[in-house]
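Down below is the structure, laid out as structure tokens.
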Amino acid sequence: MSKENMVLQAFEIAKERYAALGVDVNAALNHLQQLSISLHCWQTDDVVGFETLGNQGGSGIQATGNYPGRARNMQEVKADIEEVITHIAGKHRFNLHAIYGDFGGKTVDRDQILPEHFTGWMEWAKEKGLKIDFNSSSFGHPKSGDLTLANPDKSIRDFWIEHTKRCRAISDAIGKYQDDPCIMNLWIHDGSKDLTVNRYKYRQILEKSLDEIFAAEYKHMKDCIESKLFGIALESYTVGSHDFYLGYGAKRQKIVTLDTGHFHLTESVADKISSLLLFTPEIMLHVSRPVRWDSDHVVTLNEDTIELAREIVRADALNRVHVGLDFFDASINRIGAYVVGVRATQKAFLQAFLEPLAALRRYEDNGQYFERLALLEEAKSLPWAAVWDYFCLKNEVEVGADFIPAVQKYERDVTSKR
């Protein structure tokens, strides 16, 4: 029997198993087909970007590893992403940082960037069927230091306010061009390595900076604000904490970004979904995998990722939650890292779509907690993998581990020659 026939046969059996529990597999597949994941550009080049300012790295950012084949320019980033999307099903998005503009070899400081520096990206994305998201970039700059938007020095603070304002204008231009809102994420590393007695002061300054930045109204972009537990070399205090941005987001009705690597390892990010949905308009997810600290490992199909997807589906919030990836692993093949991370995220959502939720809710509503627990456990071993294989087959991407030789070939032919 051919592999295709085995996949089809297993899928039909899986459909029957799920149907017996009241789960519509075709509906689940349709939901998965519509799930658009924002691929982060910085996995290709270890968060280097294309500036000529002498990017210093640091400022809360650290890519670890020195695997050969890092993208060195815009053409190589595009080629890498084009390769990635041949191995993943569905239509997705592409997430750019401000440091990835097409600056033509000229020195363009961050308070001078314009939409025209991203025209090439817009045209390329349209050609490839991608939508673009955007990020301001406060790290790796001579004026970064420990504080940017929360800096008491007005000249430095104004520089970063102007940068972020321009990022919003660029995002609006991108959204207008692609006829779909561009999601603009704001994350700053601001904090203190050791103890501070000015927590309130810095947060007051940050609030005022944000109010100035968000004063202009745009039609074609959406604002996100992202917290962090700590930054590297800024471990003792983070100005933009989760509490700060949750309060600001609820007050100003901004989208709050939840990065799964930006919380204490024992915290459940999934548990935050239902609370944020009550008080903020939408949620942006940056799906990552922390290992002991925010080390941005490649996303895998672990319980944290599955539970995150389940909470979104259980809340019927797919139209209010944007899903993006955020990892930069320079210790392995970067293309393979992308493919593994995207497919793992899709698998997590597929499991969520296939959950026998109606039956589980009936048990819970009736106080049948043994039955609820038993079905939750049994659902873990239902044949979701057969449905996943069918999804890949239907989308004409590799089934199972068949993408590994293709990624190896790209490395032999392309990245190993850089």
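The values are calculated or read from the model by the stated rules, or taken from the named source; none is laboratory data. Quick caveat: nothing in here was measured; it's all calculated off a predicted structure. Positions of Cβ are generated from backbone atoms using ideal geometry, with glycine treated the same way; all protein chains shown enter the neighbour counts.
Points worth noting:
- Test: residue in region 127-137 that is in the same structural domain as Phe214 (by TED's automatic domain parsing), outside any strand (DSSP E or B) and under 17 Å from Phe50 (Cβ atoms): yes
- A residue that is part of a strand (DSSP E or B) and farther than 28 Å from Ala169 by Cα occurs somewhere in region 226-249.
- Scan of region 65-84 for residues that are surrounded by fewer than 18 Cβ atoms within 10 Å (Cβ to Cβ), modelled with pLDDT of 95 or more and either part of a helix (DSSP H, G or I) or out of contact with any strand residue (DSSP E or B) (no Cβ under 9 Å at 6 or more places or on another chain) (or both), ordered by number: Pro68, Arg72, Asn73, Gln75, Glu76, Ala79, Glu82
Let's see how each residue does on (1) surrounded by 24 or more Cβ atoms within 10 Å (Cβ to Cβ); (2) within 18 Å of Pro115 (Cα to Cα); (3) touching a residue at least 24 places away in the same chain (Cβ under 8 Å); (4) of a type in the set (Phe, Trp, Tyr):
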residue: Ala125; (1), (2), (3), (4): no, yes, yes, no
residue: Asp194; (1), (2), (3), (4): no, no, yes, no
residue: Asn198; (1), (2), (3), (4): no, no, no, no
residue: Ser209; (1), (2), (3), (4): no, no, yes, no
residue: Ile213; (1), (2), (3), (4): no, yes, yes, no
residue: Tyr218; (1), (2), (3), (4): no, yes, yes, yes
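- Unmet requirement for Ala150, which otherwise passes all of (1) crowded, with 20+ Cβ neighbours inside 10 Å; (2) on the phi > 0 side of the Ramachandran plot: (2)
- Condition check for Ala401: assigned to a helix (DSSP H, G or I) and without any contact (Cβ under 8 Å) to a residue 24 or more places away in the chain: yes
- Flag for Ser274 being touching a helix residue (DSSP H, G or I) at 6+ places or on another chain (Cβ under 9 Å) and small (Gly, Ala, Ser): yes
- Those residues of region 146-174 which are in contact (Cβ under 8 Å) with a residue 24 or more places away in the chain and in a loop (DSSP other than H, G, I, E, B), in sequence order: Asp146, Leu147, Thr148, Leu149, Ala150, Asn151, Pro152
- Residue pairs whose Cβ atoms lie under 8 Å apart, separated by 6 or more positions or on different chains, with the first residue in region 266-283 and in contact (Cβ under 8 Å) with a residue 60 or more places away in the chain and assigned by TED's automatic domain parsing to the domain that holds Ala315 and the second aliphatic (A, V, I, L, M) and buried (at least 19 other Cβ atoms within 10 Å of the Cβ), are Glu282/Ile255; Glu282/Val321.
- The combined condition, being in contact (Cβ under 8 Å) with a residue 24 or more places away in the chain, closer than 24 Å to Val323 by Cα, in contact with a Ser or Thr (Cβ under 7 Å, 6 or more places away or on another chain) and not assigned by TED's automatic domain parsing to the domain that holds Ala385, is fulfilled by Ala98.
- Picking from residues in region 340-374 that are free of Cβ contacts under 8 Å to residues at least 24 places away in the same chain and hydrophobic (A, V, I, L, M, F, W, C), the one that is surrounded by the most Cβ atoms within 10 Å (Cβ to Cβ) is Leu360.
- Looking across Leu265, Leu278, one residue alone is more than 22 Å from Lys380 (Cα to Cα), hydrophobic (A, V, I, L, M, F, W, C), part of a helix (DSSP H, G or I) and over 17 Å from the mean Cα position of the chain (by Cα). It is Leu278.
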